[in-house]
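Chemist: Before anything else, here's the structure in question.
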Amino acid sequence: MSAHPHTIDNGAGELLTFLGIRSDERGEYLEIRNVVSPGSGPPMHVHRLQEEGLTVERGTMGYQVLGEEERRAAPGESVTFAPGVAHRFWNAGDDELVGTGFVRPPDNLEYFLTEIYASTRRNGGKRPGLFDGAYLATRYRSEFGLLDVPAPVQRVLFPLIVAVGRLFGRHRRFAGAPEPVRRAAPAASAAGQ
């Protein structure tokens, strides 16, 4: 993990700053700050082991829990996604969306997103490179899920891509990657405001 604050840029209109690891009565969490351009935001995803909370400081945040209607949050409003709840959020306004938030517990989120953002930026800001995305999604599948990639592709094709990439040494860029967290996932619940 790098020193804080640490800002990453995916080249697609999203800046994410990791402000630091904090603690409270519920344990450790990673404090974050987002700056998102209009129309930008992460695709549908899930933190299998982590709670994620976002508070809008400026702009309008659109958000959606998988299978539910799209909703909006204005400045001062907060949204929390329980572990295991698939969700997405985006800048639903015409101006920059700025928000703060947390991910509890921190686990490997900083490493995972730093690598995903770097690969996306190298790949023109559209999506991570094929090997990088396959490697990270496969290695950290116990922690994170990318729902915009069909499950059969993740189960069958991604391991093949990783195996071929290893033959060509593509995995070396991930030397020193932290071990995936493997603990029982908490029961999922609906998102709240």
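Chemist: From (1) modelled with pLDDT of 95 or more; (2) of a type outside the set (Asp, Glu); (3) within 21 Å of residue 65 (Cβ to Cβ); (4) surrounded by fewer than 20 Cβ atoms within 10 Å (Cβ to Cβ), pick out the condition that doesn't hold for residue 151.
Modeler: (1)
Chemist: Of (1) more than 18 Å from the chain's Cα centre (by Cα); (2) at pLDDT 90 or above; (3) farther than 13 Å from residue 133 by Cβ, residue 180 satisfies all except one. Which?
Modeler: The number of the failed condition is (1).
Chemist: Further question on the same structure: Of the residues that make up the range 5-13, is at least one surrounded by 16 or more Cβ atoms within 10 Å (Cβ to Cβ), touching an Asp or Glu at 6+ places or on another chain (Cβ under 6 Å), within 20 Å of residue 116 (Cβ to Cβ) and not basic (Lys, Arg)?
Modeler: Taking every residue of the range 5-13 in turn, none turns out to be surrounded by 16 or more Cβ atoms within 10 Å (Cβ to Cβ), touching an Asp or Glu at 6+ places or on another chain (Cβ under 6 Å), within 20 Å of residue 116 (Cβ to Cβ) and not basic (Lys, Arg).
Chemist: Which ones in the range 118-131 are buried (at least 22 other Cβ atoms within 10 Å of the Cβ) and either in a helix (DSSP H, G or I) or assigned by TED's automatic domain parsing to the domain that holds residue 41 (or both)? Give the steps one after another, and end with the answer.
Modeler: Taking the range 118-131 as the starting set, the residues that turn out to be buried (at least 22 other Cβ atoms within 10 Å of the Cβ) are 120, 128.
Across the range 118-131, the qualifying residue is only 120.
Chemist: Residues to consider are 95, 148; find the one that is in a loop (DSSP other than H, G, I, E, B), more than 18 Å from the chain's Cα centre (by Cα) and under 21 Å from residue 63 (Cβ atoms).
Modeler: Working: 148 fails: more than 18 Å from the chain's Cα centre (by Cα).
Among 95, 148, only 95 is in a loop (DSSP other than H, G, I, E, B), more than 18 Å from the chain's Cα centre (by Cα) and under 21 Å from residue 63 (Cβ atoms).
Chemist: Return a yes/no flag: does the range 67-82 have any residue that is in contact with a strand residue (DSSP E or B) (Cβ under 9 Å, 6 or more places away or on another chain), under 14 Å from residue 46 (Cβ atoms), of a type in the set (Gly, Ala, Ser) and assigned to a loop (DSSP other than H, G, I, E, B).
Modeler: The answer is yes, given that some residue of the range 67-82 is in contact with a strand residue (DSSP E or B) (Cβ under 9 Å, 6 or more places away or on another chain), under 14 Å from residue 46 (Cβ atoms), of a type in the set (Gly, Ala, Ser) and assigned to a loop (DSSP other than H, G, I, E, B).
Chemist: Next question, about the same structure. Name the residues in the range 49-79 that are buried (at least 19 other Cβ atoms within 10 Å of the Cβ) and polar (S, T, N, Q), would you?
Modeler: Matches in the range 49-79: 50 only.
Chemist: Hey, another quick one. Residues that are within 15 Å of residue 96 (Cα to Cα) and in contact with a strand residue (DSSP E or B) (Cβ under 9 Å, 6 or more places away or on another chain), at least 3 per element: which strands (runs of 3 or more DSSP E) completely within the range 1-65 meet that? Before you say what the answer is, go through the steps one by one.
Modeler: Details: elements: 6-9, 14-24, 27-36, 45-47, 51-58, 61-65.
Hits in the range 1-65: 14-24, 27-36, 51-58.
The values are calculated or read from the model by the stated rules, or taken from the named source; none is laboratory data. Everything quoted here is computed from the prediction, not taken from an experiment. Heads up, the Cβs are rebuilt from the backbone with ideal geometry, glycines too, and the neighbour counts pull from every protein chain shown.
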